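Colleague: This structure is in structure tokens; I'll ask about it shortly.
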């Protein structure tokens, strides 16, 4: 079984050579009330057995037989206990692990598949005389070559350990611990022998070659005394020795079972040589094969010993011991021994052919977590490499220093201090997705926090002013917080005694509230300074967190204005004035009262500028509204710029770009489909954590109105889900059709092939930041809607975003969400109607722009409407110099001049573009439905 969630995702085959996963059965949409959690293959019965939870009692297990061809399963037995895992040996003996009622002891229990898996016997497993507890997740498998049972068991402490069990005696030994992983399935490859009575492996197999270039190898071993099954070996004939290939037999040695043997090969090639030893109980009956490798000739050196790296006066000193053995564990030529030293990050070779056992790196880059690799080599070639532990070292960064904690490599430069030893400390959240780009510390139930998050060193000049800022994220709106910006010459609590500023009684306005803080300071002397966020948030009963992101240290000039944000309205109509808000900060030390703010598009075309004559104090912010008119339609990227005479830092004058949707004039949403049974969804009408998603739903004629019309566009309403930046674009297609079916589904059989629908939209969409947003779609092919039918809509999305769940789409249900109103598919490949899909509750709130063909247009085409649609033509509100009418292909189908009042237009019913020029020369256009 293949899974990354609680339920199995699929039944698959895995090619161990290539790693390719082939799906036999996709179970992602399964609603089976049993859960398969372990499997084993019974070679004697050629059957795959599986354990599954009993659907009526999760404290019991059922046994299933799995069809390897199609992945189907059949229950064959019910157990009266919970079996943690199952394994079958090569002879078909089936074993499970069960525990006593309080999970303080575990038992190896043999079951009989020929008798409904009844219990044969049970042995308590004790490690060093102590019982072994069982909990959580387990798996086990036989090594069929040695008949040893390997159990990966998880105890009450949630740690999984690897145990080796002798199934005959029940003795158990611990092989290793898996402290950070949980293995849910185990398979051990094996070769086997000609029969279970064939000879077992030879033991104590060794191969020794001289340290110099002499080409000989001495082999030694002990013949097997047991057969493959593990029973005593009563007869034995010989051992065949092969070199490099199993079929290249170079010596056959007749001997006895259990006899110690030796043989010298005087003809091996130089390099790595592999010997295979195959025992034979009888002529032609191959036993279990064992092998050994040896290096013939002069070898390269192995790993150096005792490699240490330490910081000394801002340099890094390295020392090590020469290798004690070669790469393959034999002697080597030490007279030609030399070393290369590689520094990371950067994978830079900083020293080659060094003959000594120490080195000082006095040419470090900026402060980082460095490691060093020492590569030993001699005249035989390059040997093994040994890497030191990582350590923090390097020179201070120059302002502006900015950290967004985007990845672990950046976070590794920061240090944390639990100053009151309460176990609460800053920890990196993981990066990648925006939500996790921070360091956070969880508040204590018992004590106020006393924790430091310390930056890398930043080189500052004495007597110069600097600004330190950070964006904090506050977990619960029921908690208050306190922190201070501090600085010092070392990354210790004792050194962080200079308090730049303290911020207390910080109250979040909502959960996961973002609040920015900034303070100006002046160091007394030149030097490398570590700055910190010292969190002192009071104890709480809620146990939420205080987080730090977007940390910045920058120089403060006398005259410096910066743009910190640009916020366009959620909707802009082409050709109409809209107000764009630009947040300007006085980052300098002097008061400013005269500057200019400009808004431009990504091509550099200036849309509008505004001169501002208002005072803005040092370190203060001001929102400036700049009116803009955009003539384009579709997606437009904007940025803002502030201009100040004498500005000493032009690097911060321009904002990041933001994306706005500019709607065509007249595309107003006049129909909204929703009810009072509202909720939100991260997966409908589209899923972002899978490459492909498709949904289908129906909007009824009762929702859309009792008139025919042309649908020019639609929109889905959403709220950004803790989103800090606009997402990457994804490709979206929308198909429409009419249907007699209602918006109800009981199975996934109701899909309509998109080939039978009309593609009305094919473009790209992003999820934007801010408040409530519309994801709107201006149709390239308007859809003619017949009000006697219902409207079927399919949304096809392809592409992923960095944020897995960037949007909370508004959806609505009805009848307490008991009705399934959508079909949904998501996966790695485009939907072809054969993959698993399923019906889900609710459907997206949808806004439609519809030109209704009922005599009077319901859509106002502008602030000052020029006409209304009437049967047979237009009723003009003013005199027009010219009117031109174009069909959907762009062909002019009607034209007239100097007209007013009622104007007849004789065309077939459909969507037309009407271009009008009034007496003042003003030109307006509109897409409308005309004709009978």
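This table checks each residue for (1) at positive phi; (2) in contact (Cβ under 8 Å) with a residue 60 or more places away in the chain; (3) surrounded by 16 or more Cβ atoms within 10 Å (Cβ to Cβ).
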{"residue": "179", "(1), (2), (3)": "no, no, no"}
{"residue": "183", "(1), (2), (3)": "no, no, no"}
{"residue": "186", "(1), (2), (3)": "no, no, yes"}
{"residue": "191", "(1), (2), (3)": "no, yes, no"}
{"residue": "197", "(1), (2), (3)": "no, yes, yes"}
{"residue": "200", "(1), (2), (3)": "no, yes, yes"}
{"residue": "208", "(1), (2), (3)": "no, yes, no"}
{"residue": "218", "(1), (2), (3)": "no, no, no"}
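Colleague: I've got another one for you. Considering only segment 335-411, give the strands (runs of 3 or more DSSP E) lying wholly within it that have at least 2 residues that are closer than 30 Å to residue 468 by Cβ. Even if it seems obvious, please write down each step before you answer.
Modeller: On the way: elements: 338-344, 348-354, 358-361, 368-378, 381-387, 391-393, 401-403.
Once the strands (runs of 3 or more DSSP E) in segment 335-411 are filtered for at least 2 residues that are closer than 30 Å to residue 468 by Cβ, what remains is 368-378, 391-393, 401-403.
Colleague: Have a look at 793, 732 and point out the one that is over 20 Å from the mean Cα position of the chain (by Cα) and over 30 Å from residue 657 (Cβ atoms).
Modeller: Working: 732 fails: over 30 Å from residue 657 (Cβ atoms).
Going through 793, 732 in turn, just one is over 20 Å from the mean Cα position of the chain (by Cα) and over 30 Å from residue 657 (Cβ atoms): 793.
Colleague: Would you mind stating whether residue 371 is surrounded by fewer than 17 Cβ atoms within 10 Å (Cβ to Cβ), under 43 Å from the mean Cα position of the chain (by Cα) and under 22 Å from residue 298 (Cβ atoms)?
Modeller: Numbers: surrounded by fewer than 17 Cβ atoms within 10 Å (Cβ to Cβ): yes; under 43 Å from the mean Cα position of the chain (by Cα): yes; under 22 Å from residue 298 (Cβ atoms): no.
Answer is no for this residue.
Colleague: Let me ask another. Which of the numbered conditions does residue 805 fail, given that it passes all the others? Conditions: (1) modelled with pLDDT of 90 or more; (2) over 27 Å from the mean Cα position of the chain (by Cα); (3) outside any strand (DSSP E or B).
Modeller: For residue 805, the exception is condition (2).
Colleague: Also, I was wondering about something else. Considering only segment 555-585, how many residues are assigned to a loop (DSSP other than H, G, I, E, B), modelled with pLDDT under 90 and over 36 Å from the mean Cα position of the chain (by Cα)? Give the derivation first.
Modeller: The initial filter retains those residues of segment 555-585 that are assigned to a loop (DSSP other than H, G, I, E, B), namely 556-560, 568-571, 574-576.
Cutting the leftovers down to modelled with pLDDT under 90 gives us 569-571, 574-576.
Narrowing the set further to residues that are over 36 Å from the mean Cα position of the chain (by Cα) leaves 574-576.
Total satisfying the criteria: 3.
Colleague: Residues 547, 525: which one is over 18 Å from residue 622 (Cα atoms) and either in the same structural domain as residue 778 (by TED's automatic domain parsing) or assigned to a loop (DSSP other than H, G, I, E, B) (or both)? If you could, list the steps in order and put the result at the bottom.
Modeller: On the way: 547 fails: either in the same structural domain as residue 778 (by TED's automatic domain parsing) or assigned to a loop (DSSP other than H, G, I, E, B) (or both).
Selected residue: 525, the only one of 547, 525 that is over 18 Å from residue 622 (Cα atoms) and either in the same structural domain as residue 778 (by TED's automatic domain parsing) or assigned to a loop (DSSP other than H, G, I, E, B) (or both).
Colleague: Looking at this structure, is residue 358 under 30 Å from residue 460 (Cβ atoms) and in contact with a strand residue (DSSP E or B) (Cβ under 6 Å, 6 or more places away or on another chain)? Show your work before the answer.
Modeller: On the way: under 30 Å from residue 460 (Cβ atoms): no; in contact with a strand residue (DSSP E or B) (Cβ under 6 Å, 6 or more places away or on another chain): yes.
Against the criterion (under 30 Å from residue 460 (Cβ atoms) and in contact with a strand residue (DSSP E or B) (Cβ under 6 Å, 6 or more places away or on another chain)), residue 358 does not qualify.
Colleague: Give the residues of segment 477-504 that are in contact (Cβ under 8 Å) with a residue 60 or more places away in the chain, buried (at least 18 other Cβ atoms within 10 Å of the Cβ) and farther than 19 Å from residue 413 by Cβ, sorted by residue number.
Modeller: 479, 481, 483
Colleague: Do the conditions hold for residue 268, that is, is it assigned to a loop (DSSP other than H, G, I, E, B), touching a residue at least 12 places away in the same chain (Cβ under 8 Å) and surrounded by 15 or more Cβ atoms within 10 Å (Cβ to Cβ)? Please lay out each step first, then the result.
Modeller: Values: assigned to a loop (DSSP other than H, G, I, E, B): yes; touching a residue at least 12 places away in the same chain (Cβ under 8 Å): yes; surrounded by 15 or more Cβ atoms within 10 Å (Cβ to Cβ): yes.
The answer is yes for residue 268.
Colleague: On to the next question. For segment 717-751, which positions are touching a helix residue (DSSP H, G or I) at 6+ places or on another chain (Cβ under 6 Å) and more than 21 Å from residue 787 (Cα to Cα)? Steps first, answer last, please.
Modeller: Looking only at segment 717-751, we keep the residues that are touching a helix residue (DSSP H, G or I) at 6+ places or on another chain (Cβ under 6 Å), and these are 722, 724, 735.
Across segment 717-751, the qualifying residues are 722, 724.
Colleague: I'd like the residue in segment 340-360 that is under 22 Å from residue 410 (Cα atoms) and in contact (Cβ under 8 Å) with a residue 12 or more places away in the chain and, out of all such residues, is farthest from the chain's Cα centre (by Cα). Break it down into steps so the answer makes sense when it comes.
Modeller: Our first condition is that a residue be under 22 Å from residue 410 (Cα atoms); within segment 340-360, this holds for 342-348.
Filter once more, keeping what is in contact (Cβ under 8 Å) with a residue 12 or more places away in the chain: 342-346.
On the way: 342: 31, 343: 30, 344: 26, 345: 24, 346: 25 Å.
Going through the qualifying residues, I end up with 342.
Colleague: In addition: Taking the options 464, 459, name whichever one is in contact with a strand residue (DSSP E or B) (Cβ under 7 Å, 6 or more places away or on another chain) and part of a loop (DSSP other than H, G, I, E, B). I'd like the intermediate steps shown before the answer.
Modeller: Values: 459 fails: part of a loop (DSSP other than H, G, I, E, B).
None of the others qualify; the one that does is 464.
Colleague: Could you list all residues from segment 254-263 that are more than 12 Å from residue 221 (Cα to Cα) and part of a strand (DSSP E or B)?
Modeller: Once the filter is applied, which keeps residues that are more than 12 Å from residue 221 (Cα to Cα) and part of a strand (DSSP E or B), segment 254-263 yields only 254.
Colleague: Turning to a different aspect of this structure: Would you point out which residue out of 137, 162, 183, 96 is under 30 Å from residue 13 (Cβ atoms) and not assigned by TED's automatic domain parsing to the domain that holds residue 59?
Modeller: On the way: 137 fails: not assigned by TED's automatic domain parsing to the domain that holds residue 59; 162 fails: not assigned by TED's automatic domain parsing to the domain that holds residue 59; 96 fails: not assigned by TED's automatic domain parsing to the domain that holds residue 59.
Result of the check over 137, 162, 183, 96: 183.
Colleague: Could you grab me the full set of residues in segment 584-615 that are over 14 Å from residue 627 (Cα atoms) and surrounded by fewer than 19 Cβ atoms within 10 Å (Cβ to Cβ)?
Modeller: So the first thing to find is which residues in segment 584-615 are over 14 Å from residue 627 (Cα atoms), and the list is 584-595, 602-605, 613-615.
Residues satisfying the conditions are 589, 590, 591, 593, 594, 602, 603, 604, 605, 613, 614, 615.
Colleague: Can you pull out every residue in segment 855-889 that is assigned to a loop (DSSP other than H, G, I, E, B), modelled with pLDDT of 65 or more and within 52 Å of the chain's Cα centre (by Cα)? Break it down stepwise before answering.
Modeller: Of the residues in segment 855-889, the ones assigned to a loop (DSSP other than H, G, I, E, B) are 855-866, 871-872, 877-879, 887-889.
Imposing the further condition that a residue be modelled with pLDDT of 65 or more reduces the set to 866, 872, 877-879, 887.
Passing the criteria: only 887.
Colleague: Looking only at segment 65-122, how many residues end up being closer than 13 Å to residue 51 by Cα, assigned to a loop (DSSP other than H, G, I, E, B) and touching a residue at least 60 places away in the same chain (Cβ under 8 Å)?
Modeller: 2
Colleague: Out of the residues in segment 613-635 that are in a strand (DSSP E or B) and more than 14 Å from residue 562 (Cα to Cα), state the one that is modelled with the lowest pLDDT.
Modeller: Initially, segment 613-635 is screened for residues in a strand (DSSP E or B), giving 616, 621-629, 634-635.
Restricting the remaining residues to those that are more than 14 Å from residue 562 (Cα to Cα) gives 625-629, 634-635.
Details: 625: 95, 626: 95, 627: 94, 628: 94, 629: 91, 634: 80, 635: 84.
Among residues in segment 613-635 that are in a strand (DSSP E or B) and more than 14 Å from residue 562 (Cα to Cα), the one modelled with the lowest pLDDT is 634.
Colleague: On the basis of being assigned to a loop (DSSP other than H, G, I, E, B), at pLDDT below 95 and touching a strand residue (DSSP E or B) at 6+ places or on another chain (Cβ under 9 Å), does residue 477 make the cut? Please lay out each step first, then the result.
Modeller: Details: assigned to a loop (DSSP other than H, G, I, E, B): yes; at pLDDT below 95: yes; touching a strand residue (DSSP E or B) at 6+ places or on another chain (Cβ under 9 Å): yes.
Against the criterion (assigned to a loop (DSSP other than H, G, I, E, B), at pLDDT below 95 and touching a strand residue (DSSP E or B) at 6+ places or on another chain (Cβ under 9 Å)), residue 477 qualifies.
Colleague: Need at least 2 residues that are surrounded by fewer than 19 Cβ atoms within 10 Å (Cβ to Cβ) per element, so show me which strands (runs of 3 or more DSSP E) inside segment 705-797 make the cut, counting only ones lying wholly within it. Working first, answer last.
Modeller: On the way: elements: 709-720, 730-739, 758-765, 773-785.
Here the list reads 730-739, 758-765, 773-785.
Colleague: Restricting to segment 636-663, what's the tally of residues that are more than 37 Å from the chain's Cα centre (by Cα) and part of a loop (DSSP other than H, G, I, E, B)? Before the answer, list the steps.
Modeller: Going through segment 636-663, the residues more than 37 Å from the chain's Cα centre (by Cα) turn out to be 642-649.
Remaining after also requiring part of a loop (DSSP other than H, G, I, E, B): 644-649.
Qualifying residue count, segment 636-663: 6.
Colleague: Please count how many residues of segment 223-244 are in a loop (DSSP other than H, G, I, E, B) and touching a strand residue (DSSP E or B) at 6+ places or on another chain (Cβ under 8 Å).
Modeller: Going residue by residue through segment 223-244, those that are in a loop (DSSP other than H, G, I, E, B) are 223-225, 228-231, 233-237, 244.
From what is left, the residues that are touching a strand residue (DSSP E or B) at 6+ places or on another chain (Cβ under 8 Å) are 223-225, 228, 233, 236-237, 244.
So the answer is 8.
Colleague: Right, here's the next one. Out of curiosity, is residue 569 surrounded by fewer than 17 Cβ atoms within 10 Å (Cβ to Cβ) and within 28 Å of residue 414 (Cα to Cα)? Step through it out loud before you land on a result.
Modeller: On the way: surrounded by fewer than 17 Cβ atoms within 10 Å (Cβ to Cβ): yes; within 28 Å of residue 414 (Cα to Cα): no.
So residue 569 does not fit the description; no.
Colleague: State all residues of segment 49-75 that are crowded, with 17+ Cβ neighbours inside 10 Å and within 19 Å of residue 95 (Cα to Cα); if no residue qualifies, say none. Reasoning before the result, please.
Modeller: In the first step, residues of segment 49-75 are kept if they are crowded, with 17+ Cβ neighbours inside 10 Å; the result is 49-54, 61-66, 71, 73.
Hits for segment 49-75 are 49, 50, 51, 52, 53, 54, 61, 62, 63, 64, 65, 66.
Colleague: Report whether or not residue 686 is assigned by TED's automatic domain parsing to the domain that holds residue 841, closer than 24 Å to residue 828 by Cα and in a loop (DSSP other than H, G, I, E, B).
Modeller: Details: assigned by TED's automatic domain parsing to the domain that holds residue 841: yes; closer than 24 Å to residue 828 by Cα: yes; in a loop (DSSP other than H, G, I, E, B): yes.
Here the answer is yes, as residue 686 does meet what is asked.
Colleague: How about segment 412-456: which of its residues are assigned to a loop (DSSP other than H, G, I, E, B) and without any contact (Cβ under 8 Å) to a residue 24 or more places away in the chain?
Modeller: To start, the set of residues in segment 412-456 that are assigned to a loop (DSSP other than H, G, I, E, B) comprises 412-414, 419-426, 429-433, 437-438, 443-450, 455-456.
The answer is 421, 423, 430.
Colleague: Let me ask you something else. Can you find even one residue in segment 815-824 that is under 27 Å from the mean Cα position of the chain (by Cα) and either at pLDDT below 90 or part of a loop (DSSP other than H, G, I, E, B) (or both)?
Modeller: Within segment 815-824, not a single residue is under 27 Å from the mean Cα position of the chain (by Cα) and either at pLDDT below 90 or part of a loop (DSSP other than H, G, I, E, B) (or both).
Colleague: OK, next. Could you list all residues from segment 309-338 that are under 30 Å from residue 396 (Cα atoms) and either assigned by TED's automatic domain parsing to the domain that holds residue 408 or crowded, with 19+ Cβ neighbours inside 10 Å (or both)? Steps first, answer last, please.
Modeller: Let us first name the residues in segment 309-338 that are under 30 Å from residue 396 (Cα atoms), namely 309-320.
Answer for segment 309-338, where residues must be under 30 Å from residue 396 (Cα atoms) and either assigned by TED's automatic domain parsing to the domain that holds residue 408 or crowded, with 19+ Cβ neighbours inside 10 Å (or both): 309, 316, 318, 320.
The values are calculated or read from the model by the stated rules, or taken from the named source; none is laboratory data. All of these numbers come straight from a predicted model, not from anything done at the bench. Positions of Cβ are generated from backbone atoms using ideal geometry, with glycine treated the same way; all protein chains shown enter the neighbour counts.
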